[in-house]
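Below: one structure, written as structure tokens.
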Amino acid sequence: MLLTIPQLELWPGRIICLHIPHGFHEEFSTLEQEVLRAAWREDKSTAVCCPARNRRGCREYFRRQRTAEWLSQAAGIMEQEAAELIASFDVRVADILSANALTPRCLLGIAAALCKRPEVVIYSTCGLDPSGRLAVHRFVALNSGALCAVHLSSPTVFGNGSPAPRICPDKSRCITLAADSVGGVDG
């Protein structure tokens with residue numbers, strides 16, 4: 001079974017929260033591709049946000065990459081602008097990229113995507129704790145006036161296995177996706 005995705009209205013200033021049901025974590029990339037197709041049909045530029053990652057190889061071993069340096073390169077902005085943008089985050093960001101936890105890395109990835117001024121941005125808060133999810137949602141909401149933000153909301157569970165409540169962006173249009181017994185994906 002695949003997920004049924006309704007027609008999405010990707011208007012500027014809108015935040016859409018797509019709720020992925022339990023048991024469909026493997027559909028994440030398919031859902032991301034469907035949102036990309038919907039944006040393409042509307043002729044909108046799109047960016048998919050990924051957390052910041054360390055560079056690989058000997059260069060990282062001999063000289064740790066600085067966080068502002070990473071953002072500057074990923075976003076195509078000056079390093080001073082990157083440092084100012086990092087200072088605007090609601091969370092502490094370490095100077096060395098490899099010393100950052102997932103929430104700052106997620107914010108860095110979103111900031112890099114937003115600097116490219118897409119019309120639609122797709123992001124996720126998968127793997128973040130509740131305070132990290134709130135920080136990411138606040139950052140996106142503050143910077144999404146001229147674009148449509150699509151949050152892919154994966155289900156989470158408590159330690160005992162019971163479903164945890166979703167943490168959605170403020171003023172978002174929440175859409176709970178359902179399984180399609182026919183096996184197709186609507187768009």
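Using only alpha carbons, the chain has a radius of gyration to Kirkwood radius ratio (Rg to Rh) of 0.99. Once the Cα atoms are used to define both axes, helix 130-142 deviates from the longest principal axis of the chain by about 90 degrees.
Placing unit charges on C-beta atoms (Lys and Arg positive, Asp and Glu negative, everything else neutral), compute the dipole magnitude of the chain about its Cα centre in debye, rounded to 20. Write out the running numbers ahead of the final one.
Values: 20 positive and 19 negative charges, 105 e Å.
With Lys and Arg at +1 and Asp and Glu at -1, about 500 debye.
Within the stretch 1-75, the GluC sites (Glu not before Pro) that combine a DSSP coil assignment with at most 13 other C-beta atoms in a 10 angstrom radius are E9.
Per residue, the average separation of C-alpha pairs within less than 8 Å and at least 6 apart gives the stretch 46-187 a relative contact order of 24 percent.
When the alpha carbon gyration tensor of the stretch 101-187 is reduced to an equivalent ellipsoid, its three semi-axes come out at 23, 20, 11 angstrom, largest first.
Rule-based calculations on the coordinates, nothing more; no lab input. In this text the structure is predicted, and so the values were computed from the model without any measurement. Positions of Cβ are generated from backbone atoms using ideal geometry, with glycine treated the same way; all protein chains shown enter the neighbour counts.
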